[in-house]
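The values are calculated or read from the model by the stated rules, or taken from the named source; none is laboratory data. Note that the structure is a prediction, hence the values are computed from the model and not measured. Positions of Cβ are backbone-derived with ideal geometry, glycine not excepted, and every protein chain shown enters the neighbour counts.
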């Protein structure tokens, strides 16, 4: 509440104000008494804690000037007058000024007092409004715990024997009231830490300092199967002369709050687990890695032993109608345990195939597409969980006492199952665990589905790409050759890079490197069409610029594809190499008697632009000279200047006599990065 929102008539019918809380009536609160002149005449220690002023600082001071903001002074004085003159009590919340200068919202009960001389006073009891709201919220979250949990009371003598107990305490510990009298704590309290409680009571008897709200957990005789919780408070009892009479205890059954807090903590941990899974599962487009990430998330938060098994048919992207029964072939993808256990030996190792009969629970899980839960695993359950009798014996030795299998479902298709077992965790799986496991499995299944289709499409495109690349002999007339094709390592699909070596008439050889912009099967297919066309035009013995001119016309008809290409023809009789460029990276030339350099060619426009003429440039290749043709994926990165990368490429050509296969490896490993997002075609020729 701000000063602007303060309503001086708070609590008066017909006016808007923060409603007073009912909790204030049952809390220990600060009390302040003000005389008719507005001076403080009574100040409790709680008031010092609440307002910050000691009794010496507050007594005798005008209350309004001490802790009322100036902008509220007039309204408070009017309320004060109404309380004294009419006797009408006032309740509400408004901001006060603490000694430290801060503004704090307090909730008040104000009423008139009158002594035996007829003098009137104003009594104000107050508590922190924010604290009260928080307490009310906690009480609501605990399902009105206080209303539903009666308080037990007991009086004990100085030797801590019962003198009196009330019916509530009788119900709490399950012992009749008359059977308490004369007995000690150890004989009645259903708590494992009774020694701690007795020690605390003796401390209270010795010091006189109460101990409040001591939390204790145990199993009462009336409900030995379930854990209960109580809040215990201890006070010393004295007569007017100060003689110690004994101790009083109050016992509040806070079992519901205990359970609610446990559930809230459990819910927080589950939400954190799901949030963690959102970040950690599906970080790559690899099926095996995604399965491992799922297993690592589930251990040990959800299970002690986790396995991720995918149907072999789903992994191969073969959609089939799920049978109602019958065996299934699974491929184990991941296995994880929270601790060393023989249960790992009972599971299928990752990468292996295993056939499970239709009566196995994991098979039932994928057939029905529903979770299979065995809360308490018995000897009769192990044969349906394990793959064989030996594995069942290992699971029994590991102490598997609860089992859960959850289907991996993505886009309505069952891909496999998440297999969960508990050994050291004493709690059996419950319905909340089923919901959590299904959530984790659902998120992982989508990632696995994406990964398997990605791998399938990538493998198809890569197979197509490689099938379209040439299988040339290492030597042609006057040339020694080596080549490489490497797909992108950090993208979802292969690209359209290619190279070719085409034998021509009169011992000439055409060398081609090209790059279809884009990726995937379409790019690979387009590359295949252009490669075929290039071979056809090369057979016509056309000049390099004429070949590119024809390829440009074809590319214009290929639905907006843009292609860069470098076409060279080497004649070993003249040792001349004629080259034409269509927007491609310049080739590199190095030799025993020359420094490595980039050939200065007219860059030309990419194929597919249309209406562009190309030029043919001639270069001489002496024996031992290297000609290096490559696509931009070899040198371009997101973080380096292209000139620096080209200079680095030239530095790797400092040994022209190096075997060509080594030169190819050196260029790839020296220039490529694991996160490169483009594929590479590389062709190296040495004149002989």
Would you confirm whether any residue within region 303-318 is under 19 Å from the mean Cα position of the chain (by Cα), more than 30 Å from residue 227 (Cα to Cα) and part of a helix (DSSP H, G or I)?
no
How many residues, within region 263-321, are without any contact (Cβ under 8 Å) to a residue 60 or more places away in the chain, closer than 25 Å to residue 375 by Cβ and either in contact with a helix residue (DSSP H, G or I) (Cβ under 7 Å, 6 or more places away or on another chain) or buried (at least 22 other Cβ atoms within 10 Å of the Cβ) (or both)?
2
Scan region 159-216 for residues that are in contact with a helix residue (DSSP H, G or I) (Cβ under 9 Å, 6 or more places away or on another chain), in a loop (DSSP other than H, G, I, E, B) and farther than 12 Å from residue 247 by Cα and jot them down.
166, 175, 176, 188, 189, 190, 191
Can you tell me which condition residue 251 does not meet? The list is (1) modelled with pLDDT of 85 or more; (2) farther than 18 Å from residue 174 by Cβ, and all the others hold.
(2)
Contact list please: Cβ distance under 9 Å, first residue in region 235-262 and in a loop (DSSP other than H, G, I, E, B), second residue modelled with pLDDT of 80 or more, pairs at least six apart or on different chains.
239/245; 254/215; 254/228; 254/229; 254/230; 254/231
For region 326-344, does any single residue satisfy the condition of being within 16 Å of residue 313 (Cβ to Cβ), out of contact with any strand residue (DSSP E or B) (no Cβ under 8 Å at 6 or more places or on another chain), outside any loop (DSSP other than H, G, I, E, B) and touching a residue at least 24 places away in the same chain (Cβ under 8 Å)?
no
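Looking at 613, 617 in this structure, which one is surrounded by fewer than 13 Cβ atoms within 10 Å (Cβ to Cβ) and either more than 53 Å from the chain's Cα centre (by Cα) or part of a strand (DSSP E or B) (or both)?
Details: 617 fails: surrounded by fewer than 13 Cβ atoms within 10 Å (Cβ to Cβ).
Answer to the check: 613.
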Just give me the residues in region 536-576 being assigned to a loop (DSSP other than H, G, I, E, B), surrounded by fewer than 16 Cβ atoms within 10 Å (Cβ to Cβ) and under 50 Å from the mean Cα position of the chain (by Cα), in sequence order.
557, 559, 560
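Table: residues versus (1) more than 29 Å from residue 233 (Cβ to Cβ); (2) at pLDDT 90 or above; (3) outside the structural domain of residue 105 (by TED's automatic domain parsing).
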| residue | (1), (2), (3) |
| --- | --- |
| 14 | yes, no, no |
| 24 | no, no, no |
| 32 | no, yes, no |
| 39 | yes, yes, no |
| 66 | yes, no, no |
So which residues in region 654-688 are outside any helix (DSSP H, G or I), farther than 13 Å from residue 634 by Cβ and touching a strand residue (DSSP E or B) at 6+ places or on another chain (Cβ under 6 Å)?
656, 685, 686, 688
Which numbered condition residue 493 misses (of (1) exposed (fewer than 15 other Cβ atoms within 10 Å of the Cβ); (2) at pLDDT below 90)
(1)
